[in-house]
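Only the coordinates and a few stated rules stand behind these numbers; no lab work does. Everything numeric here is computed off the predicted structure, so don't read it as measured data. Every residue, glycine among them, receives a Cβ derived from its backbone with ideal geometry; neighbour counts consider all protein chains shown.
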Amino acid sequence: MRAPTQLLTPAMNGLLERIARAGHPPYHSLTPEAARRAYLSAAEVLDLPRAPLPHVRDLEVPGAAGSLPARLYAPSRERLPLLLYLHGGGFVIGGLETHDSLCRQLALRCGGAVLALEYRLAPEHRFPAAVDDTCAVLRWLAREGAASLGLDPSRLAVGGDSAGGTLAAVAALVARDEHLLLAMQLLITPGTAADASFASRHLFANGFLLDAASIDWFFDHTIDYHHRRDWRFAPLEAADHADVAPACVIVAECDPLADEGVLYADRLRMAGVPVQLDLVRGVTHDFIKMGRVLKEAAAAQQFAAEALRSAWKDRDEPRYLAQTG
């Protein structure tokens with residue numbers, strides 16, 4: 001059996017070696033405030049340059065406990081389909097600025113609008129604050145918000161990376177239960193479980209960008225231990241996955257979260273949900289934000305964009321009924 005590091009592509013392995021030589025303190029050794037500053041300063045160093053778009057604007061949207069910052073990216077002023085995007089960062093770090101480049105790329109590649117949401121973060125706002133914010137904004141978009149922005153509520157999708165992928169998976173379950181119109185769920189390297197017994201959690205526990213100690217740090221700041229099997233935190237725990245929106249799931253092979261991402265895709269398939277799975281070999285968690293160095297990042301962005309285009313094209317026969325009022 002090959003050693004875990006032998007699974008890495010040469011480019012990914014070289015990048016990890018450079019990161020290790022830089023000697024940055026791990027997130028789990030920092031306060032949340034310091035971790036946010038560190039993540040912000042490094043978040044787009046490896047991303048593609050921020051692509052110009054005809055329309056980018058900041059706005060406020062109605063969250064669960066007040067208005068929230070958001071940023072709308074649109075390649076035109078047409079009545080476009082819309083992706084609600086939730087950033088990664090373990091529910092503790094990240095925001096609009098850390099994922100600006102990625103959102104621009106998705107908007108350019110899919111031809112639709114992207115609304116990035118700055119949901120409330122832990123530990124100031126512990127579980128289920130981020131879930132509540134996500135669902136509040138999704139409801140608003142489905143019922144009135146998309147139309148008020150000049151966008152098409154009948155072609156609404158939700159997506160995110162890492163913790164944002166968790167939120168997107170939960171939002172898809174909520175959309176099903178509340179009969180909200182949803183064309184697709186885009187899950188990029190998502191966390192779907194609280195269980196640390198998966199083989200990938202151990203195989204890639206150290207030295208593969210997202211380490212086990214940082215996962216524990218994110219979890220501890222976000223949610224009490226006895227609540228971690230709540231399906232709104234661990235969507236694998238949901239009692240029923242049938243009839244949720246079709247899914248595009250992107251998993252990094254050398255990621256502690258790899259096994260639970262693949263298992264979630266399998267669980268959806270077993271429930272009869274159409275799934276497109278892209279298991280990207282030789283890369284780590286967060287690879288999709290490393291387009292300056294990894295060719296796999298642009299390929300995965302394109303995979304996601306094509307899945308979105310296809311889902312939006314298929315809205316002639318809606319899978320769900322829009323709820324109004």
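Full extension of the chain segment joining A20 with E124 gains 34.4 nm, where the gain is 0.36 nm per residue of separation less the Cα-Cα distance. Here the 3J(HN,Hα) profile of region 48-63, calculated from phi with Karplus coefficients 6.51, -1.76 and 1.60 at θ = phi - 60°, is 4, x, 4, 6, x, 10, x, 9, 9, 8, 8, 8, 10, 10, x, x Hz, Gly and Pro shown as x. The length gained by stretching the chain between W140 and H28 to full extension, at 0.36 nm per residue less their Cα-Cα distance, is 36.8 nm.
Centre-to-centre, using Cα atoms only, region 60-84 and region 21-54 are separated by 24 Å. Amide H contacts under 5 Å for F91: A163, restricted to partners 5 or more places along the chain or on a different chain, H placed in the peptide plane at 1.01 Å from N.
Calculated mean residue ellipticity, 222 nm, the chain: -10500 deg cm²/dmol, from DSSP H runs (n ≥ 4) at -39500 (n - 2.57) each, averaged per residue and rounded to 500.
Tell me which label goes with the value of percent of Cα pairs over 24 Å apart computed from the coordinates here: [x] 49; [y] 61; [z] 57. Computing percent of Cα pairs over 24 Å apart and matching it to [x] 49; [y] 61; [z] 57 gives [x].
Put a dot 7 Å past the Cα of D220, heading toward its Cβ, do the same for D240, and the two dots end up 3.9 nm apart. FRET efficiency for the pair A51 and R309, taken as 1/(1 + (r/R0)^6) with r the Cβ-Cβ distance and R0 = 25 Å, rounds to 0.90. Computed from backbone phi with θ = phi - 60° and the Karplus coefficients 6.51, -1.76 and 1.60, the 3J(HN,Hα) list for region 222-235 is 9, 8, 5, 4, 6, 9, 6, 8, 4, 4, 6, 9, 10, x Hz; x is used for glycine and proline. Given axes a ≥ b ≥ c from the Cα gyration tensor, I'd like to know whether region 206-246 is rounded (a/c under 1.5), prolate (a/b larger than b/c) or oblate. Verdict is oblate for region 206-246. Its Cα centre serving as origin, the chain has a Cβ charge dipole (Lys and Arg +1, Asp and Glu -1) of approximately 740 debye. What relative contact order, as a whole-number percentage, does the chain give when Cα pairs under 8 Å and 6 or more residues apart are counted? Rounded, it is 20 percent for the chain.
Our estimate of slack between R269 and A298, defined as 0.36 nm per intervening residue step minus the Cα-Cα distance, is 7.8 nm. Beta-bridge orientation, the chain: approximately 35 percent antiparallel, per DSSP, counting only bridges with both partners inside.
Amide H contacts of L279 (H built 1.01 Å from N, in plane; Pro and chain starts excluded): V251 sit under 5 Å, all sequence-distant by 5 or more or on other chains. Is the shape of region 185-325 rounded, prolate or oblate, going by the alpha carbon gyration tensor and its root eigenvalues a ≥ b ≥ c, with a/c under 1.5 for rounded and a/b larger than b/c for prolate? Because a/c hits 1.5 or more and a/b fails to exceed b/c, region 185-325 counts as oblate. Model label points for R2 and W231, set 7 angstrom from Cα along the Cα-to-Cβ axis, are 3.8 nm apart.
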